[in-house]
Amino acid sequence: MTDPIRLGIAGLGTVGAGVVKIVQRHGSLLERRCGRPVEITAVSARSREKDRGVSIKPYAWEDDPVALARRDDVDVLVELMGGEDGPAKNATEAAIANGKHVVTANKAMLAHHGQALAEAAEDAGVNLRFEAAVAGGIPVIKALTEGLAGNAITRVMGVMNGTCNYILTRMDDAGLTYEEAFAEADGLGYLEADPELDVGGIDAGHKLSLLASIAFGTRVAFDDMTLEGIGRISIDDIRRAGDLGYKIKLLGVAQMTGRGLEQRMTPCLVPSASPLGQLLGGTNMVVIEGDAVEQIVLRGPGAGEGPTASAVMGDICDIARGIRLPVFGQPAQTLRPAPPANAESPACFYLRLALVDKPGALAKVATVLGENGISIDRMRQYDHPGADAPVLIVTHRTARPNLDTALAALPGTGVVTGAPVALRIEDV
Ligand code: NAP
Ligand code: HSE
């Protein structure tokens, strides 16, 4: 009989327990597919006593994940604790130093330490795999590194945080306020331990930075990303954007332009009828464009026990089959520093303004826009019970710095009350 591949699982929470369940449920299926048995030999978590909905009695226990990573009877460290530093990074480094493969779902760790860990793993001749770190159950890392390896990738974009998409969907379809939708997501257990990682766009930004590295052959450059969360999106904007034929999404876009690598994770408008516009609830979607394939759209569950464990198991099976791939699709030493774009590509913008309702007010706004080279495509004013008139403007394609200059000049007109809202309209 062929030797089993032996797993040491560090972290037995949502994802870790899901992996244990799959290994226990699908022993013979995994053996057939991998050509060898897949066995768990040891596990680690903070509490040995906690009920995890699955028996961990058959496995050796380690209090210290680093000790788990060093065990002689572990071939693969499955790191499912989370956190960019601390035990996750220590255990990963220990596993690599001891010649063990690593499978992780930890996008935070890779967004911050991906280059160093990838170099260490490749120097040691071991795999470091992270399918579950990006878009949960969607096999997007495999798509980019393998299926699309023959393409020059031109753009990667998508909705990569299910919590944010759930909140925006519920504000839209149930008319909930941001706070109500947030509370609902919390009640469903969607939020990370630190919710700011979700609603601040950071978790999705981590994921996009990993995709950008593979897509463009550059070192992970999370710190260069333009990040904005969904906290300032109001029910008003969701309604108004809907009237104009758009949905608001926390959208990640990475593209290599003449100005450098553009990486943005920000709230954007997308056409309601587009696949991204129709994405509801906690589901994720990744759109990849390449010179040969043109465009592919991947859609599926971005989080949760089963989908995330499914992605972890895919990586484990590849390692068991003897498949060896560079961590980011090409040797880490050959990844070049990402040249950060000095400006985002021009786009159409959605503007929502409150104007004093008196003759000439609109003309003053149009003058400021015109002086900054911004042309108006569409405009709409709504009925209003109060003194301030809500006005929506969709601009023609314009450069962001021009828009920023115009926004800074608008209060000087004396007709704009409150802070204008400006959101990018993405070509999808
Ligand atoms: P979780 O439910 O909070 O579980 C974390 C596990 O790590 C727990 O079992 C915890 O032990 C253990 N742990 C924490 N600190 C430890 C330490 N110092 N030593 C040993 N064990 C420690 O987290 P999760 O949702 O499964 O997420 C795990 C990883 O997957 C994270 O990197 C996350 O970002 C990523 N991920 C999660 C999802 C998802 O849907 N949940 C999706 C994609 C990626 P105790 O149980 O004893 O407290
Ligand atoms: N908190 C993440 C999300 C799940 O809402 O998509 C883990 O990636």
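Exactly one residue among 309, 361 is within 29 Å of residue 141 (Cα to Cα) and touching a residue at least 12 places away in the same chain (Cβ under 8 Å), and that residue is 309. The residues listed here are 193, 135, 185; of these, the one that is of a type in the set (A, V, I, L, M, F, W, C) and open to solvent by 10 Å² or more (accessible area, probe 1.4 Å) is 193.
When the test is whether a residue is in contact (Cβ under 8 Å) with a residue 40 or more places away in the chain, charged (D, E, K, R), outside the structural domain of residue 19 (by TED's automatic domain parsing) and over 25 Å from residue 190 (Cβ atoms), residue 131 does not pass it. Looking at 53, 11, can you tell me which residue is closer than 15 Å to residue 305 by Cα and without any contact (Cβ under 8 Å) to a residue 60 or more places away in the chain? From the options 53, 11, the qualifying one is 53.
Could we say that residue 82 is within 16 Å of ligand 2 (Cβ to nearest atom), part of a loop (DSSP other than H, G, I, E, B) and crowded, with 19+ Cβ neighbours inside 10 Å here? Here the answer is yes, as residue 82 does meet what is asked. Given the structure, is residue 163 open to solvent by 50 Å² or more (accessible area, probe 1.4 Å), of a type in the set (S, T, N, Q) and either within 22 Å of residue 249 (Cα to Cα) or in contact with a His (Cβ under 9 Å, 6 or more places away or on another chain) (or both)? For residue 163, the condition - open to solvent by 50 Å² or more (accessible area, probe 1.4 Å), of a type in the set (S, T, N, Q) and either within 22 Å of residue 249 (Cα to Cα) or in contact with a His (Cβ under 9 Å, 6 or more places away or on another chain) (or both) - is not met. Within the stretch 6-40, being basic (Lys, Arg) and surrounded by fewer than 18 Cβ atoms within 10 Å (Cβ to Cβ) holds for 21, 25, 32, 33, 36.
The values are calculated or read from the model by the stated rules, or taken from the named source; none is laboratory data. Just so we're clear, the structure is a prediction, and the values are computed from it rather than from any experiment. Please note: Cβ atoms are built from the backbone with ideal geometry, for glycine as well, and neighbour counts cover all protein chains shown. Quick note on the areas: whole protein, heavy atoms, side chains included, nothing else; ligands and nucleic acids left out. Shrake-Rupley method; radii C 1.70, N 1.55, O 1.52, S 1.80 Å.
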